[in-house]
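Report on the following structure.
The values are calculated or read from the model by the stated rules, or taken from the named source; none is laboratory data. As the structure is a prediction and not an experimental result, all values here were calculated from the model. FYI the Cβ positions are ideal-geometry reconstructions off the backbone, even for glycines, and counts take in every protein chain you see. Note: areas computed on protein heavy atoms with side chains; ligands, DNA, RNA excluded. Shrake-Rupley method; radii C 1.70, N 1.55, O 1.52, S 1.80 Å.
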Amino acid sequence: MVQGVGFRPFIYRIATMNKLTGWVENRNDGVQIKVEGEQVRLEQFLTALKNRAPLASNITSLSVEEEKPEYSSVFEIFESSDISEEITEVSPDIAVCENCLRDMKNQTHRINYPFINCTNCGPRFTIINNLPYDREKTTMAVFPMCELCKGEYSDILDRRFHAQPVACNNCGPHYELIYQGKRIEGIDRITTLVAERIFRGEIVTIKGLGGFFMACNATDTHAVDRLREAKNRDGKPFAVMFSGLEELKKYAEVDSTEQKELLSWRRPIVILKTKKSLAPGISVGFQTIGAMLPYMPFHYLLFEKIKLPAIVLTSGNLSEEPIIIDNNTAEKKLLPVSDALLTYNRDIYNRTDDSVQMVVNRKNRMIRRSRGYVPIPVDLKLDVDGILATGAELVNCFCLGKGTQVFMSQHIGDLKNLETYKFFTQSIMQFEKLFRVQPKILVCDYHPEYLSTKYAKAREGLLIQAQHHHAHIASCMAENGLDEKVIGVSFDGIGLGDDDNIWGGEFLVCDLADYERVTHFEYVPMPGGDKATEEPWRMGVAYLYKTFGSDILKLDLPFLNKIEKRDIELMLQVIDKGINCPLTSSAGRLFDAVAAILNICTHADFHAEAPMRLESIIDENVNEQYNYHIDEVISLTGTIRGIVGDIQSGKPAPVIATKFHNTIISVIFAAVLKIAQKKNISKVVLSGGSFQNRYLSGKIENLLKNNDFQVFTHTKVPCNDGGLALGQLVIAAKRREMKCV
Ligand code: ZN
Ligand code: ZN
Ligand code: FE
């Protein structure tokens, strides 16, 4: 990554500092540098290149060759206009840097200027609409630079040399605060007003880097509840922005890896263990908090004036719609549900949400890959050129192959929402234009009803369909550089299998091109189909019915007593007759069932709530587990019996939930061991949304490693359906390479 991150000026500085002459040029395949001078200085140059490169730059490989000197007298930056058409590297957005924060207090033309940036920081992907990356091709094009800015922009020794979004109080974009029909300008007044309003419990919608966000006082219970109302009672936990690391550490536990992620220039949301609670409505009963630190100049200005440890900062969207990016829509849709709207007059071109991640076993895990990451490509050894993978439906991300690089889209969302679907199709067009790829192969899921499948089918090109769980494993293989036979454990909510049943608790032996399903959880009916994902009690009934037959009606369980007897009887009839009752081996649905049976979550307010609730009550001191049986398939009848027995004998829910988790860990280990012995494979790949469960993923990874397995997990793309497209893409690429398409 060398584009738009201040790499060439950096080279210039370290070359001239060491009295070296020569040149630097950006090329499609990287940066080429020629330096000549004294040997010691050349070595110092190389050391600086390795150790002091700009934060957001990334050197994947560095090769040094000796050449005859050209006896040049200066060091130059070549414009490289002749090949600029081929450069397809775009930097993600970068959090405001320390130097700019200092300039914001010192530079007379940028005092409290909330759009301050330099070659090392500022907006990138969110404002670009075409390549090569220069101001004319960004939403900064409408702001002509003043003489001062122009001077900095053209001075090779200035921190703002060729910083495309460079601007100041005189020439750049500015904020506007709208409330009660009033429109306020002037950053100092605006910051004071926003701070006061948030402090006293109001909801202020604030335009961020990649979209609008809704903010309120994170210590004000009433304000947080109002915000939830405003967002159509969206049940998901809210993300929180802390004023700084010190404050954050009072409220959450932070280990060194988490701290590094929180402070990185990507400034993601990191899911942390709660130490002390903010308003209860934020974490909706979970013992974790999605925390982040300020990343825009305005965030810093706001925290200077607002004496609060944290504010809620949640996506500005209603229900399942994508985050709103344009000013008019925000005024129309978000202002009516907020007390004030803070906007600015620079357009957002590419929508990006905040990225979400967590740390397990000291490794970073992506949950939502967006701001700060997109559009950094994933480098493969495979030719993926001209392949478009359209991803899943509920948590969509697509990706596009160029050469051996994969450009993963930002988090798109649930395609069933019309606005989100538009975002999906527009982003595909935008990626094709930006990265100059015309797809020849389209790869999608098996599921005929996924809108991403329908989209792929409707486009011209060769169509390939990849099985969902194979794609999950292939995705994890791709990011780990694996191209061989592995044992794949693919656990998630829902994915269509090749027998037309709904899979999700799968043990595969697979390579990139193909898979064999070795074993899986025994099928159970999923009464009502998709309805069962919203109503975990249905899965509870299905599992109990499978285990106890009609004796289920005699079971004295609090959760059954809560549900109308009529409804239960109806459910049993539905299962008997097989009406809208697909069979499923899904791990997600199994977790749903157990959460329901434990009466922790019978109706889900948001995607995967039941498994999350089950995980959240884990007691790490419990080591016991339940019975299970592995034959052709994995039977959990013993587990369900054990759980019911424990409930009836009054065991506390955390003990039961932990015993259940331990059982699943044991099942995975036993099944993998069996497969490994039979097939002589020692590489195990874990993927699928269920591995977002920290306890599960952390424990199974260690257990397998301690038993001499090589374990591969996701770190670059999500293990959930947001990472699926990468797997689809490599499956298609591998099949093309083997000429079997
Ligand atoms: Zn900066
Ligand atoms: Zn200016
Ligand atoms: Fe999945």
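Just how far, in whole angstrom, is the range 562-605 from the range 432-488 if you go by their alpha carbon centroids?
32
With every protein chain left in place, what is the accessible area of Met17 in Å² (1.4 Å probe, nearest 10)?
Estimated to the nearest 10 Å², Met17 gives 110 Å².
Where does each of Asp347, Asp646 land when they are ordered by accessible area, with a 1.4 Å probe and the largest first? Don't skip to the end; give the middle numbers.
Values: Asp347 95, Asp646 15 Å².
Most to least solvent-accessible, the answer reads Asp347, Asp646.
Classify the range 687-732 as rounded, prolate or oblate, taking a ≥ b ≥ c as the square roots of the eigenvalues of its Cα gyration tensor: rounded when a/c is under 1.5, otherwise prolate if a/b is larger than b/c and oblate if not. Could the numbers behind the result be given before it?
Values: a/c = 3.36, a/b = 1.67, b/c = 2.01.
Here the range 687-732 falls in the oblate category.
Once ligands and nucleic acids are excluded and a 1.4 Å probe is used, how much of His411 is accessible, expressed in Å² to the nearest 10?
40
Please work out the Cα convex hull volume for the range 119-205 and give it in Å³ per residue.
Details: hull volume 11.8 nm³, N = 87.
It comes to 135 Å³ per residue, whole-number rounded.
What whole-number value in Å² describes the accessible area per residue of the chain for a 1.4 Å probe?
Values: 29240 Å² over 741 residues.
It amounts to 39 Å² per residue over the chain.
Quick one: which residues, 5 or more positions from Phe213 or on another chain, have an amide H under 5 Å from its amide H? H modelled 1.01 Å from N in the peptide plane, none for Pro or chain starts.
Sorted by chain and number, the residues that satisfy this are Ile206, Lys207, Gly208, Gly316.
Pull up all non-local amide H partners of Gly413: gap of 5 or more, or a different chain, and H-to-H distance under 5 Å with H placed in the peptide plane.
Asn396
In cubic angstrom, how much convex hull volume per residue do the alpha carbon atoms of the range 488-608 span?
On the way: hull volume 12.1 nm³, N = 121.
Hull volume over Cα atoms, normalised by residue count, gives 100 Å³.
Per residue Cα convex hull volume for the range 175-344, in cubic angstrom? Each step should come with its number before you reach the end.
Values: hull volume 17.4 nm³, N = 170.
Convex hull of Cα atoms, per residue: 103 Å³.
P(r) tail for the range 7-77, what percent of Cα pairs lie past 14 Å?
Working: 1434 of 2485 pairs.
Counting pairs separated by more than 14 Å, the tail of P(r) holds 58 percent.
Projecting each Cα onto the charge dipole of the range 175-344 (Lys/Arg +1, Asp/Glu -1 at the beta carbon, about the Cα centre), which of Leu313, Pro280, Ala215 comes out farthest on the positive side?
Pro280
Measure off, as a whole percent, the carbon and sulfur share of the 1.4 Å-probe accessible area of the range 175-344, all protein chains present.
Reported share for carbon and sulfur atoms: 49 percent.
Cα centroid distance between the range 121-185 and the range 285-325, in Å?
23
What number results when the radius of gyration of the range 299-411, computed over Cα atoms, is divided by 2.2 N^0.38 Å? Could the numbers behind the result be given before it?
On the way: Rg = 17.9 Å, N = 113, 2.2 N^0.38 = 13.3 Å.
Relative to the rule-of-thumb radius for its length, the range 299-411 sits at 1.35.
Let's test this: bin the Cα-Cα distances of the chain at 10 Å from zero up to the farthest pair and state each bin's percent.
3, 14, 23, 25, 20, 11, 4, 1, 0, 0
Can you pull the percent of the range 591-741's accessible area that's carbon plus sulfur, 1.4 Å probe, other chains left in place?
Numbers: 2740 of 5840 Å².
So the carbon and sulfur contribution to the accessible surface is 47 percent.
Arrange the peptides 377-387, 306-316 so that the one whose residues have, on average, the most other Cβ atoms within 10 Å appears first. Before the final figure, lay out the partial values.
On the way: 377-387: 19.5, 306-316: 22.3.
Sorting 377-387, 306-316 by mean packing, highest first, produces 306-316, 377-387.
Quick one: Cα centre-to-centre distance for the range 682-741 and the range 208-268, in angstrom?
What the calculation gives is 29 Å, centre to centre.
Among bridges DSSP assigns within the chain, what percent are antiparallel (round to 5)?
Details: 66 of 94 bridges.
Around 70 percent antiparallel, to the nearest 5.
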